[in-house]
Amino acid sequence: MSGLFEAASAPEAADHVCSAKGCRAIARHAVVWNNPKLHKPERRKVWLACDEHEKSLADFVALRGFLIEVVPVEALTSADG
């Protein structure tokens, strides 16, 4: 029975929508960041990005010194969010 629960709770690719303003494209990348003035060091905030917005979203947080990494959406773990 737990297999049904796991399958039902697993996010689908269509659930991953780009975080860029006004964009509704499927996100394939996760921009992982942390603002040390607001978050504990272990906190990993995530913006999802489509191919078109991956660089601009990553550049935005990198310019502020907040970027940790950019990974494929599939690489996110329960620690990210």
Review point. How many of the residues in the stretch 17-28 are surrounded by 13 or more Cβ atoms within 10 Å (Cβ to Cβ), assigned to a loop (DSSP other than H, G, I, E, B) and in contact with a Cys (Cβ under 8 Å, 6 or more places away or on another chain)?
Key: 6
**Study point:** the stretch 29-81, subset among the charged types (D, E, K, R) and under 13 Å from His16 (Cα atoms), residue surrounded by the fewest Cβ atoms within 10 Å (Cβ to Cβ)
**Key:** Glu74
Check your understanding: Can you tell me how many residues in the stretch 42-57 are over 10 Å from the mean Cα position of the chain (by Cα) and within 12 Å of Ile68 (Cα to Cα)?
Key -> 2
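Values quoted throughout were computed directly from the atomic coordinates according to the rules given, and no laboratory measurement underlies them. Please read these numbers as outputs of a predicted model, since none were measured by experiment. Note that we place each Cβ from the backbone using ideal geometry, even for glycine, and neighbour counts take in every protein chain shown.
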